[in-house]
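The values are calculated or read from the model by the stated rules, or taken from the named source; none is laboratory data. All values reported here derive from a predicted model rather than from experimental measurement. All Cβ positions, even for glycine, are placed from backbone atoms using ideal geometry, and neighbour counts span all protein chains on display.
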Amino acid sequence: MAKVSDRYLEERRQEILAAARTVFVEKGYAAATINDIAAQAGIATGSIYRYFPGKADLIAEVALDCFHRDMDRWQVLGAESGSPARALLQLGEETRARLTSDEVHEEAILRLESYLAAARDPELRARLNASLEESNQVLASLLAAAQQQGEFDDRIDAYRLAVFLHTVGSGIGTLSVPRRGQLDVDGVWDVLKTLILPLFRVDLTTLATSSEGHTDA
């Protein structure tokens with residue numbers, strides 16, 4: 001019998017995760033069942049257990065995928081921009097745009113579902129906390145790099161500011177769930193910029209106009 005390729009296994013795994021994402025958004029974690037996810041994926045229920053031990057692993061994976069995609073983007077920006085301050089400005093504008101998208105609305109629901117599940121599952125809580133802490137550290141590293149290059153006020157604790165920015169972003173995402181289409185994301189973001197931009201120690205106009213077309217920093 002031919003060995004199943006790693007590519008096939010990964011594709012099937014991603015199909016299951018996509019199905020789980022849809023079911024968790026539509027039904028919620030507590031109401032969703034493995035049978036629901038299998039039906040959404042078009043596979044036998046038993047097949048899911050080949051890839052995931054249980055429902056908690058599925059909510060962890062779909063939530064962690066959101067965290068890891070964010071972190072990957074932050075790291076790419078930091079490596080490619082040539083300026084940590086420019087990377088921070090571009091990250092802010094990309095985040096503002098994403099916070100009004102349908103994709104981020106679904107991600108906000110998934111994050112909330114994962115947090116509620118983690119409140120009752122210590123193992124899941126530990127997994128999510130580890131990734132949340134990692135994301136804080138990645139953003140703090142970008143802020144610290146800007147401070148080291150003299151681009152950002154070094155009187156501010158980089159880690160605490162990273163936590164603050166995460167809290168604001170998560171809060172906007174959370175409020176967008178019940179207030180979809182009604183939350184003034186741009187207005188909130190403008191207030192945040194009013195607070196944060198004075199901390200930069202570089203010519204923001206120059207940074208913004210050279211930041212891949214983002215000119216409204």
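From the list Leu142, Leu197, Leu165, pick out the single residue that is closer than 20 Å to Glu94 by Cβ, free of Cβ contacts under 8 Å to residues at least 24 places away in the same chain and either hydrophobic (A, V, I, L, M, F, W, C) or not assigned by TED's automatic domain parsing to the domain that holds Gln90 (or both).
Just one listed residue meets the conditions, Leu197.
In the range 7-14, is there at least one residue being assigned to a helix (DSSP H, G or I), within 20 Å of the chain's Cα centre (by Cα), under 17 Å from Glu61 (Cβ atoms) and not hydroxyl-bearing (Ser, Thr, Tyr)?
Yes.
Would you mind stating whether Ala30 is over 22 Å from Ile172 (Cβ atoms), not assigned by TED's automatic domain parsing to the domain that holds Thr167 and not in a helix (DSSP H, G or I)?
yes
Please verify whether the range 106-122 includes one or more residues that are surrounded by fewer than 18 Cβ atoms within 10 Å (Cβ to Cβ) and closer than 23 Å to Ala79 by Cβ.
No, the conditions are met nowhere in the range 106-122.
Given the criterion in contact with a Lys or Arg (Cβ under 8 Å, 6 or more places away or on another chain), of a type outside the set (Gly, Ala, Ser) and modelled with pLDDT under 90, identify the matching residue among Glu106, Glu80, Glu93.
Exactly one of Glu106, Glu80, Glu93 is in contact with a Lys or Arg (Cβ under 8 Å, 6 or more places away or on another chain), of a type outside the set (Gly, Ala, Ser) and modelled with pLDDT under 90, namely Glu106.
Identify, by number, the condition in (1) within 30 Å of Ala140 (Cα to Cα); (2) surrounded by fewer than 17 Cβ atoms within 10 Å (Cβ to Cβ) that Asp70 doesn't meet.
(2)
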